[in-house]
Amino acid sequence: MNQDYIKPDNWSVIEEGFDVTRIKSSESLFSIGNGAMGQRANFEENYTGETFQGSYIAGIYYPDKTKVGWWKNGYPEYFAKVLNAPNWIGIDIEINGENLDLNTCMEVKNFRRELNMKEGWYNRSFNAILKNGTEIAVNVRRFVSLKLDEIGIINYEITPLNKNAKIIYKPYVDAGITNEDANWEEKFWEPLEVSKANNKAFVTAQTFKTHFKVTTFMQNSIWSNGQKTAISPSDVETKSDKIQFNYDVIVAQGEKSSIQKIGGYTVSLNHKNTLIAAEKAIEKAVSKGYELLLEDQINAWSEIWEMSDITIEGDVKAQQGIRFNIFQLNQTYLGKDSRLNIGPKGFTGEKYGGSTYWDTEAYCIPFYMATKDQEVARNLLTYRYNQLDKAIENASKLGFVNGAALYPMVTMNGEECHNEWEITFEEIHRNGAIAFAIYNFHRYTGDYSYIPEKGLEVLIGIARFWHQRVNYSSNQKKYVILGVTGPNEYENNVNNNFYTNYIAKWCLEYTYEQVQKVSLEYPLDHKRITEKVKITDSELQSWKNVSDNMYFPFSEEHNLYLQQDGFLDKDLVRVADLDKGQRPINQKWSWDRILRSPYIKQADVLQCFYFFEDHFTREELKNNFDFYESFTVHESSLSPCVHSIQAALLDKMDMAYSFYLRTSRLDLDDYNHEVEEGCHITSMAGTWMSIVEGFGGLRVRDNTLHFSPKIPKEWQSYSFKINFRNQILTVVVSQNETHFYVNGDTKLALVVNGQKVFASKSPQN
Ligand code: BGC
């Protein structure tokens, strides 16, 4: 059974009742972030039960030397680690001589967590009866500021309920932390300096090898019944990597005492002197104060929701699901900094060890294109342009020449930092998604300028890679691609993965066309680029020859594209006939058994139908969908969304709806039994696509928005907004009708179910 303890609510994620077995899952689900930093919902006070501690800073990583494969030529030297950053949230609490620890106290009552997505804060409240008999009520609110993105703030309130209490608050900053995921059990942080002034303290540390310098800071104030007191620390405990202040207060029964802790990070990516920057960050936050910071937070989130909210009437779980996804995406990446990207776990866990996967181009770009200013998606494309040299170096390590580029499967700075051979060397389809995103950006935004400026060089590097990666098979009389892993990672080292061959062919064709277009329309850029990359007509013709003669595995008998050569030789037992107790197979079966099985981790052939929908007939989609869906176990978070979109297109609305719930509530309901490791951030953009592209039927064809709206029977209505070429379109779909509104006085022509219509002026204007 999936977990089901999260209370349905339109705007909040809520947990009620204290259950030690759920701590790690809730730490993931209640994570908070602001694009620059974030952390899991670890308790502020010490907790001796099972927990997964995690605080993270965007762009800070460690190249952990690989343990395997070092003897294979071309093998990446390191597997990057998302770093567990120094802890600024810690506040140990002593009550009448006893440490507060929810794992060991006599009783925990009324435990409740709320992640308020509308306003961007996390709250935890409970009553605890300590072994010494003192009963306290606790309410803690924490947020990381969107406006001042180097700071977060905690308001920790305690009310002794049955007697007076001597409370010692022990806020600290600690850089002596380790990663759960470390290849050699080494420490990743080197402490440099600990300092303090009044109620402020600073720990500066740097990462080994990468030398990112970070000052982690805190500033504390003690409050009594809502009034700030003049109390200063009675004691300061300093170690080389940690500093802790002790504040003693006597609180009468029934009175409320609190500590407010401002904390956060200043990093060398942004500042020369991180200590001075930390002083300034504190000053700004203190001058605002908790209430104003909270007000700013609510306003900043309201601006985000104004553009990106999706409403669903009549289905609270579906509503909560989509808002959770949109909230998490915005917590992870806001598009302010082109050095950053969207890690699959965002600020919610360490898994995946890198910041950037093909997930960004294949899944996230549509969300950011439609809900933010166009610059944000352009920044994401520029990120790859800036890493082109490294992609060329990466390909050359594998023996490719002449500027062929292989983008990494996982990267922090452009270097490959994943180290399973079947992924690093073989999951080369990622190169295709990077090219596809360039096409998609132009298709959606209408802004071609990116291609002559930057995109074409990326496309040429990628086309050169595919051109060299194929080989001519005199047996097939076609070009083949051998030894790859497709998107379905439950198959490795296969020949002629349909998706890979198709996207390779498309990349060659598309790049060929863009070289021609740039040559005609942007002759100066064409000259600059061709001189730089030294491309010749014969090279272009040779690409064309390969793309025109690519081999695709196909079964005449089943009228199907085959996921790869030999797929039909498998023991084709459908997922429906597989004992439920065997799933998820990645937790129940050996890897060897998985590889031989017919089970598909995520959309593979169907991923091709998703990207290139208009290249195939509806009949072809149906045949391939019915076949492959029946073998798919969706053990990648990226899988249900594509299936939901295609099921909606095929009018399988019940199926589309259940895939929608699966994608949108993947973490909230923990379908894959792994949420304690962190949330699946990148697939959350897929959830957005399943509403906008799936149910709404949004497509862009010939510079025009097309819709074919459908609605699950469980919903009364839904609505979403998109930014299309700087016009804001609101789409409202109910069981009987659909409305399209455009902001301002402009007109917007659309095609709805094949008919041309105009969006009307929004009633709110
Ligand atoms: C999927 C990949 C994906 C990665 C990060 C894996 O489980 O198979 O396609 O890029 O997760 O989300």
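Read-outs throughout are calculated quantities, based only on the coordinates presented, and are distinct from any laboratory measurement. Since the structure is predicted, the reported quantities are computational estimates derived from the model, not experimental observations. Because the Cβ atoms are built from the backbone with ideal geometry, glycine has one as well, and the counts that use them run over all protein chains shown.
Placing pseudo-labels 7 Å out from each Cα toward the beta carbon at Phe612 and Ser449 gives an inter-label distance of 3.2 nm. If R₀ is 56 angstrom, what is the calculated FRET efficiency for the pair Gln716 and Ser473, using the beta carbon separation as r and rounding to 0.05? So the FRET efficiency works out to roughly 0.50.
The shape of segment 615-707 comes out oblate: with a ≥ b ≥ c from the C-alpha gyration tensor, a/c is at least 1.5 while a/b does not beat b/c. For a label point 7 angstrom out from the Cα of Asp4 toward its Cβ, which stretches of segment 634-669 have the backbone nitrogen within less than 13 Å? Label zone hits: 669.
Scoring 581-587, 559-565 by mean Cβ neighbours within 10 Å over their residues and listing the highest first yields 559-565, 581-587. Axis angle, to the nearest 10 degrees, between helix 456-469 and the longest C-alpha principal axis of the chain: 60 degrees. Put simply, the convex hull of the Cα atoms in segment 362-517 casts, on average, a shadow of 9.5 nm². The Cα atoms of the chain cover 86, 61, 57 Å along the three principal axes, with the biggest extent listed first. Couplings 3J(HN,Hα) of segment 492-504, computed from phi: 10, 6, 9, 9, 6, 5, 4, 4, 5, 4, 5, 6, 5 Hz, in residue order, whole Hz [Karplus 6.51 cos²θ - 1.76 cosθ + 1.60, θ = phi - 60°; x for Gly and Pro]. Taking the C-alpha atoms only, the angle from helix 388-397 to the longest principal axis of the chain is near 70 degrees. Once the Cα-Cα distance is subtracted from the 0.36 nm per residue extended length, the Glu193 to Glu313 segment shows a gain of 37.8 nm.
Extension gain for the segment Glu620 to Gln227, taken as residue separation times 0.36 nm less the Cα-Cα distance, is 134.5 nm to one decimal.
Our Cα-only numbers for segment 321-377 put the radius of gyration and Dmax at 11.0, 30 Å.
Every helix of 4 or more DSSP H residues in the chain counts as -39500 (n - 2.57), and over all residues that averages to -9500 deg cm²/dmol at 222 nm.
Between Glu16 and Glu521, the contour length at 0.36 nm per residue exceeds the alpha carbon distance by 175.6 nm. Each listed q (0.13, 0.21, 0.23 Å⁻¹) maps to a log10 I(q)/I(0) for segment 136-201, found by the Debye formula over equal Cα scatterers with no solvent: -0.68, -1.09, -1.12. Of the cross-linked pairs Lys209/Lys397; Lys7/Lys713; Lys131/Lys163; Lys166/Lys256; Lys351/Lys397, those separated by over 18 Å at the C-alpha level are Lys209/Lys397; Lys7/Lys713; Lys351/Lys397. For Trp421, what charge total do you get from the other residues with a beta carbon under 11 Å from its beta carbon, if Lys and Arg give +1 and Asp and Glu give -1? So the surrounding residues net to -3.
Calculate the FRET efficiency for Thr746 and Lys131 from the Cβ-Cβ distance with a Förster distance of 56 Å, rounded to the nearest 0.05.
Calculated value: 0.25.
For segment 135-146, putting each phi into the Karplus relation 6.51 cos²θ - 1.76 cosθ + 1.60 with θ = phi - 60° gives couplings of 9, 10, 9, 10, 9, 10, 10, 9, 8, 10, 6, 6 Hz, in residue order, rounded to whole numbers and with x for Gly and Pro. Normalised Debye scattering of segment 358-427 at q = 0.14 Å⁻¹ gives log10 I(q)/I(0) of -0.48, counting only Cα atoms as equal scatterers and leaving out solvent. The Cα-based radius of gyration and maximum Cα-Cα distance (Dmax) for segment 208-353 are 19.9, 56 Å. Applying 1/(1 + (r/R0)^6) with R0 = 45 Å to the Cβ-Cβ distance of Asn273 and Ser708 gives a FRET efficiency near 0.20. So how tilted is helix 274-308 from the main axis of the chain? Cα-based, degrees 0 to 90, rounded to 10. Approximately 60 degrees, to the nearest ten. Put simply, when 338-348, 91-101 are sorted by average Cβ atoms within 10 angstrom per residue, most first, you get 338-348, 91-101.
Over segment 475-543, all Cα pairs binned in 5 Å intervals from 0 give whole-percent P(r) values of 3, 14, 19, 17, 13, 11, 11, 8, 2, 0, listed from short to long.
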